[in-house]
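Single-structure report; data block below.
The values are calculated or read from the model by the stated rules, or taken from the named source; none is laboratory data. All of these numbers come straight from a predicted model, not from anything done at the bench. Here the Cβ is made from the backbone with ideal geometry for all residues, glycine too, and neighbour counts use every protein chain on show.
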Amino acid sequence: MQEPGAWTIDGQAYPDADPLAIGEGEYVRVRMVNRSPAIHPMHLHGHFFQVGDAVKDTVLVPPHGGQITFDFLADNPGDWLFHCHNVYHLERGMARVFEYV
Ligand SMILES: [Cu+2]
């Protein structure tokens with residue numbers, strides 16, 4: 001059970017969240033659906049990705065069912081946090097770790 005007020009990604013609130021296993025050299029597709037009423041500026045450490053014509057490390061996911069999909073190349077081995085840049089969301093669990101395995 002998540003505590004009330006937690007912000008989750010796929011039902012898990014960091015740090016009580018499973019790492020997301022990726023492999024070096026893979027293209028990783030991240031598909032996000034925002035079912036909350038808040039906008040989420042999602043930030044990936046250690047990598048860049050393309051959204052439209054722009055190369056970014058942060059993308060805004062619109063509220064009320066907004067969807068964003070991006071791909072990144074796993075070319076920087078390590079453990080990398082992927083999190084909402086709204087600090088009050090991050091502090092209540094809105095993060096996961098991409099872990100190279
Ligand atoms: Cu957020």
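Quick grid of which residues meet (1) of a type in the set (A, V, I, L, M); (2) exposed (fewer than 14 other Cβ atoms within 10 Å of the Cβ); (3) touching a strand residue (DSSP E or B) at 6+ places or on another chain (Cβ under 7 Å):
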| residue | (1), (2), (3) |
| --- | --- |
| A13 | yes, no, no |
| D53 | no, yes, no |
| V61 | yes, no, yes |
| C84 | no, no, yes |
| E91 | no, yes, no |
| A95 | yes, no, yes |
Just to be sure before I move on: is A74 buried (at least 16 other Cβ atoms within 10 Å of the Cβ), modelled with pLDDT of 95 or more and away from the ligand (no atom under 13 Å from the Cβ) in the structure I sent?
yes
Condition test on F48, is it among the hydrophobic types (A, V, I, L, M, F, W, C) and more than 13 Å from Y14 (Cβ to Cβ)?
yes
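So that you can scan it fast, the table gives a plain yes or no per residue for (1) within 14 Å of the chain's Cα centre (by Cα); (2) away from the ligand (no atom under 11 Å from the Cβ); (3) modelled with pLDDT of 95 or more; (4) β-branched (V, I, T):
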| residue | (1), (2), (3), (4) |
| --- | --- |
| E3 | no, yes, no, no |
| T8 | yes, no, yes, yes |
| P15 | yes, yes, yes, no |
| L20 | yes, yes, yes, no |
| G25 | no, yes, yes, no |
| R29 | yes, yes, yes, no |
| S36 | no, no, yes, no |
| L44 | yes, yes, yes, no |
| F48 | yes, yes, yes, no |
Pairing a residue in the range 68-93 that is touching a residue at least 12 places away in the same chain (Cβ under 8 Å) and on the phi > 0 side of the Ramachandran plot with any residue that is in a loop (DSSP other than H, G, I, E, B) and surrounded by 13 or more Cβ atoms within 10 Å (Cβ to Cβ), where Cβ atoms lie under 9 Å and the two sit 6 or more apart in sequence or on different chains, gives G78/H45; G78/G46; G93/Q2; G93/A6; G93/W7; G93/T8; G93/Y14; G93/A17
